[in-house]
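Working notes, structure below.
Values quoted throughout were computed directly from the atomic coordinates according to the rules given, and no laboratory measurement underlies them. Note that the structure is a prediction, hence the values are computed from the model and not measured. No Cβ is skipped: glycine too gets one built from the backbone with ideal geometry, and neighbour counts run over all protein chains shown.
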Amino acid sequence: MTAGCSLRSSLCRVGFLVGFLLMEGPSALAATKPHAPIRSRDAHRLAAPRVPARIRQVGKASWYGPEYQGNKTASGQRFDQRQLTAAHRALPLGTRVKVTNLETGQAVQVTINDRGPHAKGRIIDLSQAAAQKIGLKKDGTTRVRVEASSPQGSQAAQAQDGQSKKAARKRA
């Protein structure tokens with residue numbers, strides 16, 4: 001045994017493996033065969049997942065505010081409870097969403113800039129300002145309808161449009 005190195009030690013195993021490969025010479029370190037280049041018909045596999053043109057959900061909404069003020073959101077922005085923003089588990093960041101309170105009929109447009117809600121049974125977390133606009137703040141939670149369109153100005157939407165046009169030209 002080597003001094004200060006047990007066989008169970010992962011560091012020892014790595015050192016042994018490197019030493020073995022170096023003793024074998026260049027043939028043991030030979031590069032693997034390069035992969036075939038990606039063909040244009042496979043390019044769609046690398047693209048961002050498609051977002052349906054229209055998404056509608058009905059469920060419970062809640063709001064969050066003062067305790068998260070100034071914290072970083074999933075989009076990298078700082079959370080500002082006075083802005084019309086929201087957290088959603090799956091919608092792409094930057095998506096504009098219309099949230100309608102089903103009890104009062106009031107609606108607000110928000111931008112998804114965070115992930116959540118983390119409470120079970122809820123579909124969206126609104127900022128304090130957005131919650132006030134639809135009368136949610138006093139209740140804490142309420143049933144809402146969430147309607148989202150794919151973000152038109154986003155790079156993902158532009159890339160999808162470009163790929164669709166290329167595919168149509170190839171078929172023609």
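Using only the Cα atoms, work out Rg/Rh for region 54-151, with Rh taken as the Kirkwood radius, to two decimals.
The Rg/Rh ratio comes out at 0.92.
Show me the trypsin sites (Lys or Arg not before Pro) within region 47-138 that DSSP assigns to loop and that have at most 14 other Cβ atoms within 10 Å of their Cβ.
Arg50, Arg82, Arg89, Lys120, Lys138
Work out the length of the dipole vector of region 54-151 about its Cα centre, built from +1 on the beta-carbon of each Lys and Arg and -1 on the beta-carbon of each Asp and Glu, and round it to the nearest 20 debye.
Computed charge dipole of region 54-151: roughly 200 debye.
Listed here are the pairs Lys72/Lys133; Lys98/Lys137; Lys60/Lys138; which of them are more than 21 Å apart at the Cα?
Listed pairs above 21 Å: Lys72/Lys133.
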